[in-house]
Amino acid sequence: MGHSDSQNLGGEARVSRRLLLRGLAGAAYAGGLMAGRARAQTRLDDRSLEALMRETDRGEFGQSFDQASRTIHMPKASAPTLSPTTAETTERAVAIYDAIVARGGWRKVPKVEELKLGMRHPSVVDLRARLSVSGDLDPSAVGNDIYDSYVEEAVRRFQARHGLNIDGIVREATLDAMNVPATTRRDQLKINIERLRTLSTNLGPRYVVANIPAARVEAIQNDVVVSRHAAVAGKPDRPSPDINSRIVQINFNPYWTVPASIVRKDLIPKMQDQPDYLTENHIRILDSHQKELKPADINWYSEEATNYTFKQDPGAKNSLGSIRINFPSPYGVYMHDTPLKNLFGDDFRFHSSGCMRVQNVRELVVWLLDETKGWPAAEIDSVIKSGERKDAQLAKPVPLHWVYVTAWAASDGVVQFREDIYGRDGLGAPAIPPTTKL
């Protein structure tokens, strides 16, 4: 037997196996749907089909195995929020949601504490129906109360499209986003088309976009996302501003000069409750002559503290972490690292006073300094590790856009939504309620 014959037989074996598995899965799933009222059979079908799907997904032909059950695919990691085509693809999405609204929208999913793989619950019937209307679950997969692997994958797609943690489990945040009416989602798309038309022109080959409602930062080159970062944006009462600027400088191991607004709103109340707060966090008080004062010298029950400068030394507790990204703006904000890495795992990431904290900021900085001589990745790592105060001027400033986009369809065609955290859409309160973290 020749090598090519062996390859052909191997290919035939793979095709036969594929057909066999598809036949088994199709028969099992069809049987499950027909026996949706017969719960014992559905449970057997669910577990066997789940195991079959997971096994084949690991194989070389698994990528398209259950595509027949998917109307919407996962958002592509390489598809930018802002590109020259975003306005056009979003317009096409409006037509899809107009049709959903015309058919009556989607039903609400009743409140439950948690729904996840393997559970049986009456609310799963409503969940399946809801996911089917938005295209996350195939319409043929509705009608039973078992949370099987098809439902789990549909929930993952929904979570990805709404900027939620992708774990395939329905909890409060996912449920709240699901129960936003179809008319609201359709109107969000319409409102954002005008924003996108303004924002998606003359972007250039290399730029950074921070989408505030998504609390996400993207580095984009030639209309492809080269790195994407979770972010922490401004609180609803201290919103991050819209910005069109250029990144010009990176500060390594920076000092942090506390803005006057934070001194007034945060630092004074904190010192009233925790008199050792400044000392523990290595924040020094300086008068107009740069003379250092002691915390005990200040009357913290008055506005006296606003007359001084508060400067935090570089180090592990520095609020800016090890990196600050600078750009000209009239708002005095910037992008930076943070010691509070846990915040990046939240669904609700609006805790700052207007600046933007960036997850894995070192990766973004390596890309920003890629065209700047003397700043390879190894040098960046060395400077961060040393703790030395050092600045890097970008040889070519990189355009930066902080934007407010709550609904869009990127170049991959997947329709995405984020909550109108600052109430700028005018369509009602956000689905995810604001919370406060110090």
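The values are calculated or read from the model by the stated rules, or taken from the named source; none is laboratory data. In this text, all values refer to a predicted model and were calculated from it rather than measured experimentally. All Cβ positions, even for glycine, are placed from backbone atoms using ideal geometry, and neighbour counts span all protein chains on display.
Data table
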{"read-out": "Residue within the stretch 112-125 that is closer than 26 Å to Thr406 by Cα and in a helix (DSSP H, G or I) present", "value": "no"}
{"read-out": "Residue match in the stretch 261-280 (condition: surrounded by fewer than 18 Cβ atoms within 10 Å (Cβ to Cβ), within 15 Å of Cys355 (Cα to Cα), in the same structural domain as Asp391 (by TED's automatic domain parsing) and in contact (Cβ under 8 Å) with a residue 24 or more places away in the chain)", "value": "no"}
{"read-out": "Pairs, first assigned by TED's automatic domain parsing to the domain that holds Val125 in the stretch 164-181, second of a type in the set (Gly, Ala, Ser) and part of a helix (DSSP H, G or I), C-beta under 6 Å, six or more apart", "value": "Leu164/Ala173; Ile166/Ala160"}
{"read-out": "Index of the failed condition, Glu152 passing every other in (1) part of a loop (DSSP other than H, G, I, E, B); (2) modelled with pLDDT of 95 or more", "value": "(1)"}
{"read-out": "Any hit, the stretch 292-300, residues being aromatic (Phe, Trp, Tyr) and assigned to a loop (DSSP other than H, G, I, E, B)", "value": "yes"}
{"read-out": "Residue that is nearest to the chain's Cα centre (by Cα) [pool: residues in the stretch 281-320 that are surrounded by 12 or more Cβ atoms within 10 Å (Cβ to Cβ) and among the aliphatic types (A, V, I, L, M)]", "value": "Leu320"}
{"read-out": "Single residue of the stretch 156-200 satisfying the filter (closer than 20 Å to Glu114 by Cα, surrounded by fewer than 17 Cβ atoms within 10 Å (Cβ to Cβ) and polar (S, T, N, Q)) that is nearest to the chain's Cα centre (by Cα)", "value": "Asn165"}
{"read-out": "Options Thr279, Thr306; residue that is within 26 Å of Lys390 (Cα to Cα), modelled with pLDDT under 95 and outside any strand (DSSP E or B)", "value": "Thr279"}
